[in-house]
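Colleague: Provided herewith is a single structure, encoded as structure tokens, for subsequent inquiry.
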Amino acid sequence: MVIINAFLLLLISKTCLSQNLDQLFRKINEETGNFSSIAAHLAWESSVNPGNPELPVRAATYQKNRIKWQDRTCSELATLYSRQSLDSIQRRQYYLLCRGPKYTYDETRHTSALYEDLISIYSDAEICIPSDGANISINNPTQVEAAILDYLSNVKQFFNFEHGDPILFAAKIAVNRYFDNRNMLCLKGEEDFDKMMAFSRNGEVLKWLWLSWREKVGPPMKKPYRSLVAIENRAARRNGYSDIGASWRDELEIPQLRKVCHRLHKEVKTLYSLLHGVVRFYLRRFYGEAVPERGPIPAHLLGNLWSQNWEPLADLLLPQTIDLDESIKKMNWTVMHMARRAEDFYQSLGLPAMTETFWRESVFARENNSDTRCHGTAADMFQDGDFRLLYCSGTSKEDFYVLHHELGHIQYYMAYENQPALFRQANTALHETIGDTIMYGVLTPQHLNRLGLINDSLLYTYNSNENNHIDKEFNNIKNGNKQDDEKKQRFKRDTSKAKHTKELDNVLQEFKDPELFEDQKHEINEEDASKDTPKLFEDKDVTTDTIILLKQALNKIPQIPFSLIMDEYRWKYFEGSLKGDNEEFWRMALEWQGIAPPGFRGEEYFDVGAKFHVPDNTPYVRYFLSSFLQHQLFEKLCKASVFGRRSAEEPVPETISLTRCDIYGSKAAGKILKDFMSRGHSQHWSEILEETTGEDYISAEALNRYYEPLYNLLVKFVRAHNVPIGW
């Protein structure tokens with residue numbers, strides 16, 4: 001009887017403890033939601049109306065209350081954790097709440113001020129040059145280019161340059177406003193500069209744009225950024241991390257993240273190096289000796305302010321291309337038109353429409369408020385149905401992409417809205433994956449035709465027999481006509497790695513150590529160099545599919561080494577292991593991207609700060625990892641769409657190119673996405689990935705399969721024209 005009574009007392013005690021803990025965590029989640037809502041509104045208002053004088057006081061009150069509450073709550077949970085009183089769900093919530101740097105109130109006020117300084121330097125950047133009094137529109141890039149050329153000509157004319165770089169001098173003059181002229185042409189923010197970098201083909205104009213932006217935003221950031229990092233490192237060490245970089249890596253929950261990233265980078269380096277070599281080949285044909293035959297590509301000639309997106313160079317590589325910007329312009333699409341079409345794609349998969357609050361509260365244009373900080377941002381306001389988008393959008397293909405990307409974040413918010421507040425978040429690499437995954441479906445020829453962005457002739461004219469066959473097979477399988485076992489056997493392929501022809505296997509063997517690229521001895525004789533620029537693709541290979549795939553590769557592949565550099569550099573900065581701040585940045589850019597600045601960049605500069613995410617203090621490796629995850633997820637959605645069920649394990653048939661896998665309207669694909677997103681942060685990312693895609697690790701295999709057709713064509717071109725590879 002004594003034993004029974006003791007057992008009953010123990011059982012009652014455990015039951016009471018469990019009930020008390022459940023009540024405790026309900027309260028913690030409620031308070032977390034309240035604090036998150038306050039933080040979201042402060043962040044939104046600081047972007048929409050950064051000059052609001054009430055914001056600093058409200059932010060200070062929030063930070064003081066949040067720190068006091070979190071310190072008290074985490075201390076209480078630490079005691080319960082040490083007593084092994086928490087179950088697995090509670091342990092995960094404790095981890096998510098209490099990880100990361102631990103700031104004092106004074107530190108949060110100081111970091112807030114430093115952050116505001118940094119983001120103001122970046123967002124408010126404006127560079128003006130004298131104009132001739134003509135009515136020049138900043139939205140007319142031809143006029144802007146002409147004005148810059150005129151300015152550069154005047155600088156050269158009035159100053160004697162026996163020594164030094166006149167373009168750099170012209171950049172310094174513009175940045176420091178060494179003139180007084182009422183007729184000024186002003187470029188404001190990254191949007192104006194990057195638009196001109198994509199448009200212009202004039203080497204001096206591009207160099208001036210590139211130098212001016214870095215002259216304006218980099219040097220003023222050096223001191224406040226160093227102060228910010230010093231405080232963040234103290235706060236990180238207070239919670240057991242070696243530095244703030246270790247805290248950033250912990251957020252992703254990937255052991256030995258650096259090694260994982262280097263492995264993934266190595267797995268795509270061959271593809272990147274081929275693309276790099278071919279782009280350099282065509283740039284050299286266009287710019288001559290300004291582009292070396294074998295060395296790094298000058299960073300200012302790659303069609304992008306940060307050298308991370310080379311798609312604007314497509315017209316240099318292809319005699320005919322597909323200009324989606326022009327198609328959008330001809331169709332007179334508005335921003336709202338594009339936003340509705342992005343919403344429609346998600347809805348076609350069975351996912352929900354944007355809420356009424358979304359359409360009422362989102363900001364799609366700067367309008368008369370020139371202070372709005374318009375970098376694309378999706379916001380979860382932690383109130384019923386209140387999800388918002390801040391993006392001052394134009395009507396370009398890039399804007400169309402951004403809208404799909406940001407709506408992907410909002411679909412994620414809506415999917416996990418019913419989770420406890422501590423789980424109303426997700427691994428940031430997974431969060432960045434949704435919109436980009438969807439974009440592979442958007443850019444299939446079938447969907448572009450559905451949107452009216454390409455006509456029937458573009459959908460079918462090039463290699464029409466092949467494409468008709470592919471579409472027919474896709475529709476047959478999608479509609480369930482799979483009776484022929486012999487045909488099914490013919491479709492099978494090994495999806496564990498890319499399938500290569502014998503020729504490509506030989507090339508892979510030849511290139512298997514990317515470091516050997518530097519030692520390859522390719523000779524281009526003078527007779528070949530004097531001929532017309534060779535075609536990248538033979539006529540028989542020029543299809544809508546290959547054009548779109550090349551443009552995708554130019555857009556996406558260069559982002560992989562760039563995104564790794566952005567955080568590998570900052571991790572070393574946080575550790576204090578850099579030998580020289582700016583020198584080390586360009587050493588890494590040379591090693592991993594194969595690019596170099598247009599001239600010497602000394603330690604007075606802070607060129608990493610030319611990218612928004614540095615002053616915004618946002619980790620970037622999430623985008624690196626997403627580059628691989630989005631291909632893994634898209635391949636899974638493709639299988640579900642082809643076979644009509646989410647559990648499909650069969651490989652995608654050989655006759656269905658991944659670039660033509662039309663997932664629009666697939667409810668089976670939508671179920672995978674909803675399951676993927678609805679779990680929020682309730683599980684480790686690898687469990688979510690495995691239970692929704694069948695894989696529990698991040699791999700480059702799906703990415704390499706996607707680009708395999710282009711890889712083959714690049715190899716053929718490199719061999720045919722002895723194109724040097726490596727730098």
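The values are calculated or read from the model by the stated rules, or taken from the named source; none is laboratory data. Since we're looking at a predicted model, the values are computed, not measured. In this analysis, Cβ positions are derived from the backbone assuming ideal geometry, glycine residues included, and neighbour counts consider all displayed protein chains.
Colleague: Got at least one residue in segment 685-702 being under 30 Å from PHE537 (Cβ atoms), out of contact with any helix residue (DSSP H, G or I) (no Cβ under 7 Å at 6 or more places or on another chain) and surrounded by fewer than 20 Cβ atoms within 10 Å (Cβ to Cβ)?
Modeller: Of the residues in segment 685-702, the ones under 30 Å from PHE537 (Cβ atoms) are 699-702.
Still in the running and out of contact with any helix residue (DSSP H, G or I) (no Cβ under 7 Å at 6 or more places or on another chain): 701.
Still in the list and also surrounded by fewer than 20 Cβ atoms within 10 Å (Cβ to Cβ): 701.
Scanning segment 685-702, I find at least one residue that is under 30 Å from PHE537 (Cβ atoms), out of contact with any helix residue (DSSP H, G or I) (no Cβ under 7 Å at 6 or more places or on another chain) and surrounded by fewer than 20 Cβ atoms within 10 Å (Cβ to Cβ), so the answer is yes.
Colleague: Give the number of residues within segment 535-569 that are assigned to a helix (DSSP H, G or I) and either without any contact (Cβ under 8 Å) to a residue 60 or more places away in the chain or under 17 Å from the mean Cα position of the chain (by Cα) (or both).
Modeller: 18
Colleague: Could you tell me how many of the residues in segment 326-380 are aromatic (Phe, Trp, Tyr) and more than 30 Å from GLY644 (Cβ to Cβ)?
Modeller: 4
Colleague: Pick from SER682, SER647: which is in the same structural domain as GLY594 (by TED's automatic domain parsing) and closer than 30 Å to THR377 by Cβ?
Modeller: Going through SER682, SER647 in turn, just one is in the same structural domain as GLY594 (by TED's automatic domain parsing) and closer than 30 Å to THR377 by Cβ: SER682.
Colleague: Given the criteria over 19 Å from the mean Cα position of the chain (by Cα) and in the same structural domain as GLU701 (by TED's automatic domain parsing), does ARG258 qualify?
Modeller: No, not satisfied.
Colleague: Moving to a separate point now. Which count do you get for residues in segment 400-453 that are aromatic (Phe, Trp, Tyr), under 28 Å from SER247 (Cβ atoms) and assigned to a helix (DSSP H, G or I)?
Modeller: 3
Colleague: Considering each of GLY350, GLY385, GLY394, GLY408 in turn, give the residue that is touching a residue at least 24 places away in the same chain (Cβ under 8 Å) and closer than 30 Å to LEU257 by Cα.
Modeller: Only one candidate qualifies: GLY408.
Colleague: Pairs only if they're at least six apart or on different chains, beta carbon under 8 angstrom, first in segment 27-45 and in contact (Cβ under 8 Å) with a residue 24 or more places away in the chain, second part of a helix (DSSP H, G or I) and surrounded by fewer than 16 Cβ atoms within 10 Å (Cβ to Cβ); list them, first residue then second.
Modeller: GLU31/TRP69; PHE35/ASN65; PHE35/TRP69
Colleague: Do any helices (runs of 4 or more DSSP H) lying entirely in segment 670-725 carry at least 2 residues that are of a type outside the set (Val, Ile, Thr) and without any contact (Cβ under 8 Å) to a residue 24 or more places away in the chain, and which ones are they?
Modeller: 685-693
Colleague: Can you find a residue in segment 415-425 that is out of contact with any His (no Cβ under 6 Å at 6 or more places or on another chain), crowded, with 20+ Cβ neighbours inside 10 Å and closer than 16 Å to GLU361 by Cβ?
Modeller: No, segment 415-425 contains no residue that is out of contact with any His (no Cβ under 6 Å at 6 or more places or on another chain), crowded, with 20+ Cβ neighbours inside 10 Å and closer than 16 Å to GLU361 by Cβ.
Colleague: Given LEU673, LEU714, which one is in contact with a helix residue (DSSP H, G or I) (Cβ under 6 Å, 6 or more places away or on another chain), in the same structural domain as CYS638 (by TED's automatic domain parsing) and either crowded, with 17+ Cβ neighbours inside 10 Å or at pLDDT below 95 (or both)?
Modeller: Result: LEU714 is the single residue among LEU673, LEU714 that is in contact with a helix residue (DSSP H, G or I) (Cβ under 6 Å, 6 or more places away or on another chain), in the same structural domain as CYS638 (by TED's automatic domain parsing) and either crowded, with 17+ Cβ neighbours inside 10 Å or at pLDDT below 95 (or both).
Colleague: Can you list residue pairs whose Cβ atoms sit under 7 Å apart, with the first residue in segment 573-600 being on the phi < 0 side of the Ramachandran plot and the second being assigned to a loop (DSSP other than H, G, I, E, B) and of a type in the set (Lys, Arg)? Count only pairs 6 or more apart in sequence or on different chains.
Modeller: As it stands, the answer is ASN582/ARG601; TRP586/ARG601, since those pairs meet every condition given.
Colleague: Select, from GLN84, GLN63, GLN90, the only residue that is crowded, with 17+ Cβ neighbours inside 10 Å and farther than 25 Å from VAL614 by Cβ.
Modeller: Result of the check over GLN84, GLN63, GLN90: GLN90.
Colleague: Against the condition within 30 Å of HIS681 (Cα to Cα), touching a helix residue (DSSP H, G or I) at 6+ places or on another chain (Cβ under 7 Å) and not assigned by TED's automatic domain parsing to the domain that holds LYS188, how does TYR94 come out, does it pass?
Modeller: In short, yes.
Colleague: Residues in segment 108-119: is at least one aliphatic (A, V, I, L, M), touching a residue at least 12 places away in the same chain (Cβ under 8 Å) and in a loop (DSSP other than H, G, I, E, B)?
Modeller: no
Colleague: Counting just the residues of segment 97-107 that are touching a helix residue (DSSP H, G or I) at 6+ places or on another chain (Cβ under 8 Å) and surrounded by fewer than 20 Cβ atoms within 10 Å (Cβ to Cβ), which one comes out farthest from PRO420 (Cα to Cα)?
Modeller: Pass one, segment 97-107, residues touching a helix residue (DSSP H, G or I) at 6+ places or on another chain (Cβ under 8 Å): 97-105, 107.
This time we only want the ones that are surrounded by fewer than 20 Cβ atoms within 10 Å (Cβ to Cβ), so: 97-100, 104-105, 107.
Numbers: LEU97: 12, CYS98: 16, ARG99: 17, GLY100: 20, THR104: 27, TYR105: 27, GLU107: 29 Å.
The qualifying residue farthest from PRO420 (Cα to Cα) is GLU107.
Colleague: Out of all the residues in segment 121-139, is one or more in contact with a Pro (Cβ under 8 Å, 6 or more places away or on another chain), part of a helix (DSSP H, G or I) and at pLDDT 95 or above?
Modeller: Yes; the residues of segment 121-139 include at least one that is in contact with a Pro (Cβ under 8 Å, 6 or more places away or on another chain), part of a helix (DSSP H, G or I) and at pLDDT 95 or above.
Colleague: Taking the conditions exactly as written (part of a loop (DSSP other than H, G, I, E, B), aliphatic (A, V, I, L, M) and either without any contact (Cβ under 8 Å) to a residue 60 or more places away in the chain or surrounded by fewer than 21 Cβ atoms within 10 Å (Cβ to Cβ) (or both)), does ALA640 satisfy them or not?
Modeller: No, not satisfied.
Colleague: Part of a helix (DSSP H, G or I), modelled with pLDDT of 95 or more, in contact with a helix residue (DSSP H, G or I) (Cβ under 8 Å, 6 or more places away or on another chain) and among the charged types (D, E, K, R): does that describe GLU584?
Modeller: Working: part of a helix (DSSP H, G or I): yes; modelled with pLDDT of 95 or more: yes; in contact with a helix residue (DSSP H, G or I) (Cβ under 8 Å, 6 or more places away or on another chain): yes; among the charged types (D, E, K, R): yes.
Taking the combined requirement at face value, the residue satisfies it.
Colleague: Quick check on my filter: what residues within segment 171-219 are of a type in the set (Lys, Arg) and either at pLDDT 95 or above or closer than 22 Å to SER393 by Cβ (or both)?
Modeller: Filtering segment 171-219 down to residues of a type in the set (Lys, Arg) leaves 172, 177, 182, 188, 195, 201, 207, 214, 216.
Matches in segment 171-219: LYS188, LYS195, ARG201, LYS207, ARG214, LYS216.
Colleague: Looking at segment 313-324, is at least one residue of a type in the set (D, E, K, R), surrounded by fewer than 21 Cβ atoms within 10 Å (Cβ to Cβ) and touching a residue at least 40 places away in the same chain (Cβ under 8 Å)? Can you show your working first?
Modeller: If we filter segment 313-324 for residues that are of a type in the set (D, E, K, R), which is where we start, we get 315, 323.
Adding the requirement that they be surrounded by fewer than 21 Cβ atoms within 10 Å (Cβ to Cβ) leaves 315, 323.
Adding the requirement that they be touching a residue at least 40 places away in the same chain (Cβ under 8 Å) leaves none.
No - not one qualifying residue is present in segment 313-324.
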